[in-house]
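Shown next, in structure tokens, is the structure this report addresses.
The values are calculated or read from the model by the stated rules, or taken from the named source; none is laboratory data. Keep in mind the model is a prediction, meaning the values are calculated, not measured. Every residue, glycine as well, gets a Cβ built from its backbone with ideal geometry; the counts of neighbours run over all protein chains shown. Ligands, DNA and RNA are stripped out before the accessible areas are found, and what is left, the full protein with its side chains, is counted by its heavy atoms. Shrake-Rupley method; radii C 1.70, N 1.55, O 1.52, S 1.80 Å.
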Amino acid sequence: PENRRSAPFRPITDAVDQLAHSVTRAYESSASAIVVLPSSASDGSNSIELAKKIATHRPDVPVLTLVPTHKDGRLLQMYKCIHPVFSTETDTKKALARMQELGMLQAGQQAVVVRGGCAVTVELATV
């Protein structure tokens with residue numbers, strides 16, 4: 001008998017498909033960034049986990065993530081492509097405007113916006 005350990009089978013779930021789709025869409029659309037937003041102001045931890053999962057796909061563009069606390073921002077700085085932004089904003093337009101104020105995005109650039117929650121949504125937005 002062989003002592004080989006095989007990797008456990010992991011079925012692809014809808015959430016994983018959505019994450020991979022967000023990275024692919026950023027590449028295909030020439031987006032300048034992937035912006036991860038929480039579904040609500042109290043659901044910041046969900047967007048943090050979502051950003052970590054997106055980072056595992058190694059996107060060519062920065063992953064801009066809104067974080068509710070400075071502690072969360074410091075923890076996310078360990079990931080190469082994640083750039084945390086301290087804000088409790090959940091509205092897409094206001095979040096993009098905040099990132100533009102900080103110089104992370106410029107007017108006219110496109111960004112793939114990924115919103116966490118019960119279902120992961122992916123959309124393309126122009127700053």
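Hey, could you check the range 33-49 for residues that are open to solvent by 40 Å² or more (accessible area, probe 1.4 Å), under 13 Å from the mean Cα position of the chain (by Cα) and among the polar types (S, T, N, Q) and say which is modelled with the lowest pLDDT? If we take residues in the range 33-49 being open to solvent by 40 Å² or more (accessible area, probe 1.4 Å), under 13 Å from the mean Cα position of the chain (by Cα) and among the polar types (S, T, N, Q), then Ser45 is modelled with the lowest pLDDT. Exactly one residue among Asp72, Asp60 is in a helix (DSSP H, G or I), of a type in the set (Asp, Glu) and surrounded by fewer than 21 Cβ atoms within 10 Å (Cβ to Cβ), and that residue is Asp72. Sub-7 Å Cβ pairs linking a first residue in the range 114-127 that is over 9 Å from Arg25 (Cβ atoms) to a second residue that is modelled with pLDDT under 75 and open to solvent by 60 Å² or more (accessible area, probe 1.4 Å), at least 6 apart or interchain, are Val120/Gln18, ordered by first then second residue. Residues in the range 117-126 that are among the aliphatic types (A, V, I, L, M) and open to solvent by 40 Å² or more (accessible area, probe 1.4 Å) were compared, and the one that is nearest to Leu50 (Cα to Cα) is Ala119. Being crowded, with 17+ Cβ neighbours inside 10 Å, assigned to a helix (DSSP H, G or I) and aliphatic (A, V, I, L, M) is the filter here; which residues of the range 84-100 pass it? Across the range 84-100, the qualifying residues are Ala95, Leu96, Met99.
Can you confirm whether the range 103-116 contains a residue that is open to solvent by less than 70 Å² (accessible area, probe 1.4 Å), closer than 13 Å to Ile34 by Cβ, among the polar types (S, T, N, Q) and under 14 Å from the mean Cα position of the chain (by Cα)? Scanning the range 103-116 turns up no residue that is open to solvent by less than 70 Å² (accessible area, probe 1.4 Å), closer than 13 Å to Ile34 by Cβ, among the polar types (S, T, N, Q) and under 14 Å from the mean Cα position of the chain (by Cα).
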